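Rule-based calculations on the coordinates, nothing more; no lab input. Quantities reported herein were computed from a predicted structural model and do not represent experimental measurements. Note: ideal-geometry Cβ built from the backbone for every residue, glycine included; neighbour counts use all protein chains shown.
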Amino acid sequence: MKVLVTGGCGYIGSHACVALAAAGHEPIVLDNFSNSNPKAVGRIEKLIGRSLVVYQGDIRDRLVLDCIFEQHRIGAVMHFAGLKAVGESVAKPLEYYDNNLSGTLNLLAAMRAAHIYRLIFSSSATVYGDPLTVPISETAQTGATTNPYGTSKHMVESCLRDFSAANPDWSITLLRYFNPIGAHPSGLIGEDPTGIPNNLMPFITQVAIGRRDTLSIFGNDYPTHDGTGVRDYIHVQDLVEGHVAALEERGNVSGLHVYNLGTGNGVSVLDMVAAMNKVLGRELPVRIEPRRAGDIAQCFAEVDKAEKELGWSANHDLMDMVEHSWNWQQRNPNGYQS
Ligand code: NAD
Ligand code: UFG
């Protein structure tokens, strides 16, 4: 099947293109390169062993979407394009609602006009806010978001729920990611953040490679097993396999489908540092700092639903995630600019 991959040159989208091709599908990419590097195209092509059709354009541009849908018989859309930096979203809410919400609505309208009825949307565990209990199931309350990024994801989920009720012949799948890390084992594609990384893993690998001096650990007084924040880190390879499973298992089942994509395991910041120290064979320099505003103590997924209905579960363990993140960083010390 031809699958339009919006944001297909970004961190997760690039891995999704490779997974789709490996499963016998044909990814077609639309990306405006606002947070990715065109060099990713050649790397993806190397991994899939053929050329990749890429449109440089914006999901908010209806003409581009209509043109793609006219030129290709697209069977489904995997929608990764969007802005994702929590801190930036507080400073630029309009940009986040415009890109993430208006962009998705524009895409949906273009899909409807082209009679394409399968959509897989990149949602986030951020829609759960600060969970009352862990592990978090898909039925947990959503909407108590704490920043415009999270609110934009929740708003898109609400719009898609209403849209699905009015258009019951569509198959719409919301995938709520926990914390994706890792990279393709080849080290050819991976996460390439611009500026100072917000997230733990890219910060750790940049300290390890010598681009940053010290890892700041934000808080060691949380009610967790060692006082540091606990998250559900998932290998990006497992995450994109989850998308292929969702396409194949739910793409022909109409309605709205919601799945957590996580491992179900809680890993603390200190656990992660210990795993990286093991891979490096040396100690990373770390410093305990005050808690980061807006952070929660712990967040990890209940994964039974995806396992039962998609026949999918995460296979990679924490050491795989750390080794592959480090492999990508070593081979590309300055990301795609290397
Ligand atoms: P990313 O920034 O690496 O990739 C997003 C891609 O979309 C980039 O290539 C960017 O250039 C492109 N893009 C952005 N706005 C666009 C637009 N208007 N038109 C066309 N292209 C556009 O991010 P990622 O980590 O790969 O995340 C992919 C999706 O998954 C995002 O929607 C993100 O919110 C969601 N998500 C990510 C995480 C995470 O931790 N990485 C967690 C939960 C959810
Ligand atoms: N942390 C540090 N030092 C750092 C960076 C992070 O100690 O330099 C800690 C955080 O305090 C937290 C943990 O590492 O305890 C994970 O932090 P991340 O920033 O990597 O991930 P978050 O869980 O805070 O946020 C991520 C995405 C959000 C998404 C959220 C829920 O960045 O977009 O998961 O899915 F909303």
Lys and Arg at +1, Asp and Glu at -1: neighbours of G103 with Cβ under 14 Å from its Cβ sum to -1
Express as a percent, rounded to the nearest 5, the fraction of DSSP beta bridges in the chain (both residues included) that run antiparallel.
5
Within the set of other residues whose C-beta is less than 14 Å from the C-beta of I209, count the net charge using Lys and Arg as +1 and Asp and Glu as -1.
+1
Need one word for segment 1-125: rounded, prolate or oblate. Basis is the Cα gyration tensor (sqrt eigenvalues a ≥ b ≥ c); a/c below 1.5 gives rounded, then a/b vs b/c decides.
oblate
As straight-line cross-link partners of K39, the qualifying lysines (C-alpha separation under 22 Å, not fewer than 8 residues apart within one chain) are K84
Any idea how far apart L284 and N199 come out in nm if each label point goes 7 Å out from Cα toward Cβ?
1.4
Within segment 146-160, find all residues whose amide N lies under 20 Å from a label point positioned 7 Å from the Cα of L94 along Cα-to-beta-carbon.
147-153
Multiply the residue separation of R50 and D320 by 0.36 nm, subtract the distance between their alpha-carbon atoms, and state the gained length in nm to one decimal.
94.5 nm
Pair A274, Q337: separation of 7 Å Cα→Cβ label points (nm):
3.6
Cα-centre dipole for segment 179-324 with unit charges at Cβ (Lys and Arg positive, Asp and Glu negative), debye to 20
460
Name the shape class, rounded, prolate or oblate, that the alpha-carbon gyration tensor gives for segment 269-338, where a ≥ b ≥ c are the square roots of its eigenvalues, rounded holds for a/c under 1.5, and otherwise prolate holds if a/b is larger than b/c and oblate otherwise.
oblate
Can you put H154, H79, H225, H243 in order of Cβ neighbours within 10 angstrom, beginning with the fewest?
H225, H154, H79, H243
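Tell me, in nm to one decimal, what length is gained between A109 and T146 on full extension, where the rule is 0.36 nm per residue of separation less the Cα-Cα distance?
10.5 nm
Where a ≥ b ≥ c are the square roots of the eigenvalues of the C-alpha gyration tensor, would you call segment 217-338 rounded, which needs a/c under 1.5, or, failing that, prolate if a/b is larger than b/c, or oblate?
Oblate.
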